[in-house]
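**Student:** My questions will all concern the structure given below.
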Amino acid sequence: MDRLSVDHLTGIKELTKNDIEIIFKTADAFKEVINRPIKKVPSLRDITIANLFFENSTRTRLSFELAEKRLSADVVNFSAASSSVKKGETLIDTVNNILSMKVDMVVMRHASPGAAKFLAERIDAKVINAGDGTHEHPTQALLDAFSIRERLGKVEGKKVVIVGDILHSRVALSNIYCLQKLGAEVMVCGPTTLIPKYIHELGVKVEHDLVKALEWCDVANMLRIQLERQDIKYFPSIREYSMQYGLTKEILDNLSKKIVIMHPGPINRGVEITSEVADSDQAIILNQVENGVAVRMAVIYLLASKINRD
């Protein structure tokens, strides 16, 4: 079996192009499994996985849980979203308590950037980052790139624009790393206040005009405005943002070509994207959700193969 070069998935930055391709190849096989009448495989029957969510999450947590159950793993859910656990000793204490129950793998979402790496360096279990603050969200980037590959045949040479709140988005950063490793060109588009200052250092194009960005791209990944991460006002109003950066069917129909529309969810319908666009045949939003389970199954399976064999 092809082996990953990493023992944990803390971020896309640590993965090689070959790692990403191994994950995709494995996900192809699992996609076949989840479309069968019997959707489970006994691959991880003796593996226990703890889902530690220190921040609210519905879709990512459900997707991971479903992936784990499809692989026949034992699953322990720990939701600390409402507790005041912060990175540091209390995080280690919490995890050590769970590990004393003989857990083999930890899937963690945490508000502190670097929390997953911090943990991976200090515990024996394999760690998968399900989002750490505004830093990375590696499985989302993998499923996004996997979905582009599925729709367009390949990622290499494609032009992808990420539109919206780039400043507060861990999805944007992971996507940039992943798409660039696979040979795509990346552009970001949004108000100046929501584009990070360092973005040019990542080798991405910047465009503030939505229509120009859409004319350039093959794929548009529409991000939601992360109001819960914003401590000051970055634009006058949601209505004004929507008028400048909201994607409507009219804008899509007036482009000189057909482009693919993506969204990591949850969608704020009528803000960054209208219902007409979200439900159109150009959108692959539901494919992303389905692919999320297959990609997460692949990551879990590949990391589990390294347990007690290193």
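**Student:** Test T134 against the criterion of being buried (at least 17 other Cβ atoms within 10 Å of the Cβ), of a type in the set (S, T, Y) and more than 30 Å from I199 (Cα to Cα), and give yes or no.
**Tutor:** no
**Student:** Does T26 fit the bill of being in contact (Cβ under 8 Å) with a residue 24 or more places away in the chain, surrounded by 12 or more Cβ atoms within 10 Å (Cβ to Cβ), β-branched (V, I, T) and farther than 24 Å from V103 by Cα?
**Tutor:** On the way: in contact (Cβ under 8 Å) with a residue 24 or more places away in the chain: yes; surrounded by 12 or more Cβ atoms within 10 Å (Cβ to Cβ): yes; β-branched (V, I, T): yes; farther than 24 Å from V103 by Cα: no.
So T26 fails the test.
**Student:** Determine whether I285 is in contact with a helix residue (DSSP H, G or I) (Cβ under 9 Å, 6 or more places away or on another chain) and either among the β-branched types (V, I, T) or at positive phi (or both). Give the derivation first.
**Tutor:** On the way: in contact with a helix residue (DSSP H, G or I) (Cβ under 9 Å, 6 or more places away or on another chain): yes; either among the β-branched types (V, I, T) or at positive phi (or both): yes.
Yes: the conditions hold for I285.
**Student:** Separate question: Please go through the range 92-116 and pick out each residue that is among the aliphatic types (A, V, I, L, M) and modelled with pLDDT under 90.
**Tutor:** Within the range 92-116, I92, V95, I98, L99, M101, A111 qualify.
**Student:** Which residues, taken from the range 163-193, are within 19 Å of the chain's Cα centre (by Cα) and in a helix (DSSP H, G or I)?
**Tutor:** Let us first name the residues in the range 163-193 that are within 19 Å of the chain's Cα centre (by Cα), namely 163-189.
Residues satisfying the conditions are R170, V171, A172, L173, S174, N175, I176, Y177, C178, L179, Q180, K181.
**Student:** Quick one: S256 ticks every box in (1) hydroxyl-bearing (S, T, Y); (2) within 30 Å of N56 (Cβ to Cβ); (3) modelled with pLDDT of 90 or more bar one, so which box is it?
**Tutor:** (2)
**Student:** Quick one: how many residues across the range 76-89 are at pLDDT 55 or above, within 20 Å of the chain's Cα centre (by Cα) and not in a strand (DSSP E or B)?
**Tutor:** The qualifying residues number 0.
**Student:** Then there is this: Name every residue in the range 35-75 that is assigned to a helix (DSSP H, G or I), under 24 Å from I307 (Cα atoms) and in contact (Cβ under 8 Å) with a residue 40 or more places away in the chain, in order of residue number.
**Tutor:** Passing the criteria: T60, R61, S63, F64, L66, A67, E68, R70.
**Student:** Just the residues that are within 16 Å of A145 (Cβ to Cβ) and hydrophobic (A, V, I, L, M, F, W, C), please, taken from the range 5-29.
**Tutor:** L9, I12, L15, I20, I22, I23, F24, A27
**Student:** Just one of (1) in a loop (DSSP other than H, G, I, E, B); (2) touching a His at 6+ places or on another chain (Cβ under 8 Å) trips up G131, so point out which.
**Tutor:** Here G131 meets the rest and fails (1).
**Student:** Give the residues of the range 263-286 that are of a type in the set (A, V, I, L, M) and under 21 Å from I238 (Cβ atoms), sorted by residue number.
**Tutor:** I267, V271, I273, V277, A278, I285
**Student:** Take M222 and tell me if it is within 28 Å of R109 (Cα to Cα), surrounded by fewer than 21 Cβ atoms within 10 Å (Cβ to Cβ) and touching an Asp or Glu at 6+ places or on another chain (Cβ under 7 Å).
**Tutor:** no
**Student:** Continuing with this model, one more query. Assuming T139 fulfils every condition listed in (1) of a type in the set (S, T, Y); (2) surrounded by 24 or more Cβ atoms within 10 Å (Cβ to Cβ); (3) assigned to a loop (DSSP other than H, G, I, E, B) apart from one, which condition is it?
**Tutor:** Status for T139: all satisfied but (3).
The values are calculated or read from the model by the stated rules, or taken from the named source; none is laboratory data. Bear in mind that the values here come from a model prediction, so they are computed numbers and not experimental data. Please note: Cβ atoms are built from the backbone with ideal geometry, for glycine as well, and neighbour counts cover all protein chains shown.
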